[in-house]
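Here, each number is a calculation from the coordinates, and none is a lab measurement. The structure presented is a predicted model; accordingly, all values stated were derived computationally and were not measured. Here the Cβ positions follow ideal geometry from the backbone for every residue, glycine too, while neighbour counts run over all protein chains shown.
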Amino acid sequence: MKKYRVLVNGQPYEVEVEEIKGVVSPAPQAPAAPAAPKASPAPQPAAPPQPAPASQDTAGGSGSGTAVEAPMPGSVLEVRVNVGDSVSEGDVLMILEAMKMENEITSPVPGVVKSIDVSVGSTVNTGDAMIFIE
């Protein structure tokens, strides 16, 4: 897997791309038109790690420390941590459904979960603080 950082409408996204070897060149020509619309949402699952680190030491919400913010509007499908849990950078904290895709929201920093401001079924908007890590 190779990691790339791309800008879409001025918003940075981190994308992981897997190189597939041994693919015959005529095969990609047939699905080329349908592949283009599917490629557009591809950055969405990788988006959560990028915006979250920018929100260091926010005072809003019910917690303190580093806020893990919603990178896009969506609905919380699953919360995988509890208050008091120790997390490492990159650990999956929750699953956010956006545009019919399940997106892993990961921890931008190592620490301890101080508060969880959302629950399963909650809807969030871009920038909403969901979890605070200290």
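Observations
- Pair LYS21, ASN125: separation of 7 Å Cα→Cβ label points (nm): 4.9
- Computed from backbone phi, the HN-Hα couplings of segment 124-129 come to 10, 10, 3, x, 5, 6 Hz, rounded to whole numbers (Karplus: 6.51 cos²θ - 1.76 cosθ + 1.60, θ = phi - 60°; Gly and Pro given as x).
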